[in-house]
Amino acid sequence: FPQNPTKRTARPVLFGSGAGMGVGPSSEYTFCVFCTPVGSYFKSTGKPDDEGSEEADKVTLEKGEALPSKCEIENVALPPPISLRAMKRFHRAAEGMTGGIKASGNYAPCFKASKEVKSAGFNEVLFLDSKFDECVEEAGASNFFAVIDGALHTPDTARGTILPGVTRDSILTLAKEELGLEVVEAPLRSRQLHAASEAFCCGTGAAVTPVGSVNFEAGDVQAVKFGKAA
C-alpha cells in the first residue's frame with residue numbers, strides 16, 4: 001500500500017474455476033477477497049460542476065440547516081459535485097434479468113454509455129428504466145438519491161433492476177435512525193428532480209458523492225442543477 005492512500009476497498013470475488021469448458025455452471029468455484037488502495041472515483045471533467053482540484057471541499061452542516069437532524073454535523077469532507085447525463089439509448093438492466101445481483105457482467109452494459117457521456121464532458125451516465133425511459137435507476141454503477149421536500153428519495157429495488165448495495169442500505173438506515181428523515185423508496189421519475197434541493201450517488205467505490213447537475217438528451221426534461229451549482 002502507498003503510505004497515504006485516499007481509502008482502501010475490499011472486494012469479495014466468486015468465480016467458476018472448474019476444469020471443464022462449455023456453456024453451463026462450473027463444477028468448482030473459488031472465493032477470494034482482494035484489497036486495494038483507491039483514489040477519487042470520479043475524475044475531473046473541467047465542467048463547471050467539477051471546478052477546482054480533486055481535494056475534498058470542507059463544508060459545515062448545522063443542526064436544522066437544509067435537512068432536519070438530531071445531531072450537529074461539522075467539518076464534513078465532501079468531494080466536488082459531479083455532472084450526470086441521462087440517456088435513453090442505453091440501459092443498465094431490464095426486469096427479469098440480473099440487475100439486482102452483484103455480478104461482474106452487470107458492468108458491461110455501462111461501458112459504452114459511460115464512454116459517450118464522458119467524451120461529452122460529463123462525469124457519468126444516469127440510467128433510466130428500460131421500459132418507459134422515465135424513472136431514474138442508477139448513476140453508472142452507483143445508487144442515486146435525491147432530497148425532495150425534506151424527504152430522502154431513492155429508486156426502490158422491487159423490479160430487480162437496481163442493486164441493493166451495502167452503502168445504500170447504510171445511508172437509508174442512518175437517514176431514518178440518526179437524522180430522523182422521511183425515507184421514500186419508490187420509482188423516482190426524472191421530472192421529480194426539478195423539485196430536488198440536492199442529490200448524490202453512493203457505492204463502495206463512489207462512497208457518497210454529491211451531484212451538481214443532471215443533463216438530459218435534447219427534447220427531454222430540462223437540465224437540473226442542485227445546491228451550490230444551481
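Only the coordinates and a few stated rules stand behind these numbers; no lab work does. Since we're looking at a predicted model, the values are computed, not measured.
Note the full-extension length gain between S170 and T204 as 0.36 nm times their separation in residues minus their Cα-Cα distance, in nm to one decimal.
Details: separation 34, 0.36 × 34 = 12.24 nm, distance 1.12 nm.
That works out to 11.1 nm of additional length.
Over every pair of different alpha-carbon atoms in the stretch 68-199, take the mean of 1/r and invert it; report that Kirkwood radius in Å.
Details: mean 1/r = 0.0639 Å⁻¹.
Final number for the Kirkwood radius of the stretch 68-199 is 15.6 Å.
Pop out the ³J(HN,Hα) list for the stretch 94-103 in order, Karplus 6.51 cos²θ - 1.76 cosθ + 1.60 with θ = phi - 60°, rounded to Hz; leave Gly and Pro as x.
10, 4, x, 9, 10, x, x, 10, 7, 10
Measure up K88/K112; K131/K225; K7/K225 against 19 Å on the Cα-Cα distance and list the ones that go over.
Working: K88/K112 13 Å; K131/K225 26 Å; K7/K225 29 Å.
As for pairs spanning more than 19 Å Cα to Cα, those are K131/K225; K7/K225.
Using the Karplus equation 6.51 cos²θ - 1.76 cosθ + 1.60 (θ = phi - 60°), what ³J(HN,Hα) coupling, rounded to whole Hz, does each residue of the stretch 182-188 give in order, writing x for Gly and Pro?
Calculated HN-Hα couplings, in order: 6, 10, 10, 9, 6, x, 10 Hz.
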